[in-house]
Structures are given as structure tokens and as C-alpha cells.
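Undergrad: Submitted below is the structure of interest, expressed as C-alpha cells.
Every number here is computed from the coordinates shown, using simple stated rules; none is lab data. The structure presented is a predicted model; accordingly, all values stated were derived computationally and were not measured.
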Amino acid sequence: MPKDSFPDSVIAVDLGGSNLRAALFDGDEIVRYAKTLTPREGGGPAIYADAIIDLIRSNLSAEEIASAKAIGVSVPGPLDMEKGELINSPNLLFPVIPIKAPLEDEFGKPVVVMNDTNCGVLGEVGKDGAGFHNNAGPDNVGHKNVGSNNVVYNSKSTGIGGGIFADGHLLLGSTGNAGEVGHLFVDDIYSVRCSCGHTGHWEGYASGRGIPHFFRAYCRKNHIPMKCSAILPTAEDIFAGIREELSRNGGNSDGGCDRSCDLGVFAGFYEELSKINARAVSSIIAAYSPAAIILDGSVAVNNGELIIAGILKYIDRYLPTPEIRLSRLEGKAPLYGAAYCCALSLRGYNVHGENRSAGTHTQY
């Protein structure tokens, strides 16, 4: 990420379904970093802004807070970008969660709130990629650098989301919520319910929260008794079972197995999970034709080799298959992106690269 994109010190926050992170940026580098668990209970929506305030004040000095010119917050969508409020976010507790107003009241400085996966793709392209090119833009299709200007960031953690960087520009949509790929429809056989309340969504099957429910539905459909049926295994347990069975089968998940016992249950489930992931990724490729799809989030990072291998096995090859790889930013891509959004705002630009006062553009 170009250092001159960060003329001032900024604070970046990443509010996730499981973890809450904060970082102080000096230039384009993190100089202070803190992490805690996201609140899972409380009397009202203020618990999230209060947790952010506490994390910042507990880990940054008064001087560091005062020196920061703005605060960027990465949040799970959907959200109202103007108000800086989360609206019916499926993996948090309350239907409306104010973030922007309480943080501005507390710290007395501008606060920019963005969808976490939009922040993630900005972080990936800016920090780990080739940077935001001077040639980026819709008129440069076919340019030798167009690959790094067409990236999809896919987070697989408590939920699933996506950020799209297309032809050198961040794709936001009419409300700032483009990229909700976790709610792509992927299945009408198992009818697993997503945390948003609908059935058949990718997030309901392949997120950290969804995988255990999909596994139970898979066992029921195939008449497989589950051990400890009253308690769902975690996604971590299920991937451990997949690894063990694939190792026993020499890495082949198609080998014959006795479905009347536990042998082969996890390997069989892995095939179904891979098909689900491949359907969603195929839709992403057909919609955006990216040069790269970058996977992030705890589920992807901890099980990347299995997830990518399964996707490549079942992917629809209607369009050329892009590079599919794991993030190299150790879970901090949304923090980098939130900081970059702050830097743009301080320079008078929005995330499209448009000058808010003059109506002109800057190149990423």
C-alpha cells in the first residue's frame, strides 16, 4: 500500500462475529495491535461500541489516541453506511447497532464505517498485492496489470462474505452492501437454515457456525447415527475427522466406506461440503471473472488446503479458473482496509476514489 496514502496516524478496528481487533497505524504499518472476544451477550446494542471504546482506551495511550486523525471500523454487514449502523447483521445480537455516532461522541474525531469484506479486499490489493495502480480504471481492461485490479476477497469465519475489487475500483452497490456472497443460494436438498433465517445459503452450510448444522443434516439424510447426537461437533472437530479419514484412505475421499458406522462419515461429508463451496465460487467467477480469489477468516486459514482442493475438484470451468489462495495478512486485511478508508476520507475522497468536493477522481 503506498505510504503516501497514509498522511496521518489513524486507528483501525475490525468488529467480527467472534473477535474484535484494533490497531494503530503510523504510515502504512501497524505499530500497536490488540485483540479480544466480541461480546456475545448484553442488555442492548451499545455493548459493541462500548467494547470498541474499551479496547482502544485499554491498549493505546492518551497521546496515541489524540494523535490519530480518524477511526476506521470494519463491520459485518449489512449496514447503513451514512449512519454507520449495522442493520440485521445475522451474526450479532441486535437488529440495529450504532457504531459511528457513539465513537465520534467518545473520541471527537471522524469515524468511517465499512463492510468488513470490502475493507478486506482493499487491504489485500493495497498491502499484499501490487498496490493501487495509476492505470486502474474501467478504460484499462486488457492492460498488463489488470489482474491485480480484479480481485475477490472471500472471508469464511463465523459467517461468509465477499469484497469485490473490479477494474481497479471497489464495488459497493447502491447501499454499500455489495458482496454478500454468503447468501448465494447453493442447495435445495438439505435445506439447512442460514443465520439470516433463510435456507439454502452458502453461509448456512460452509461458515464456522453453519458447518456443524450442515453435518447434522448430512447425517440425517444418509441415516448415519451421530455420536453424542445431543451436542453438535464444532467445525474444528469435523475438519479433524476429515483429515483423519482422508489419511486412512490415502488421501482419497471417494474410497468405499461403511456408512453404517463412523468410518467414512467425515470423508463423505467433505465431498458434499466441497460441492457446496465449489457452487458458490463458480457463481463468483461467473459474476466477476476475477484474476484471484483470496480466502481469509478462521475457517479458511485453518483448513485452507482441504477447502481449496475441494473447490478445485468440483468447480464449474465455464470461465477460466482464477488463482485461489489464502490471505498472507494473518487476519489483518480488514484492518489495513479500514485504515486505507480513513486515509482516503482525510484526503477528501470516498472509497470509489471520487473527490467529494470537486467530483474528480484519484487513481488507486
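Undergrad: Just subtract the alpha-carbon distance of residue 193 and residue 286 from 0.36 nm times their residue separation and send over the number in nm, one decimal.
TA: Taking 0.36 nm per residue and subtracting the Cα distance, the gain is 31.0 nm.
Undergrad: Indicate the gyration tensor shape class of region 262-350 (rounded, prolate or oblate), computed on the Cα atoms with a ≥ b ≥ c the square roots of the eigenvalues: a/c under 1.5 is rounded; otherwise a/b larger than b/c is prolate and the rest oblate.
TA: It comes out oblate by the Cα gyration axes.
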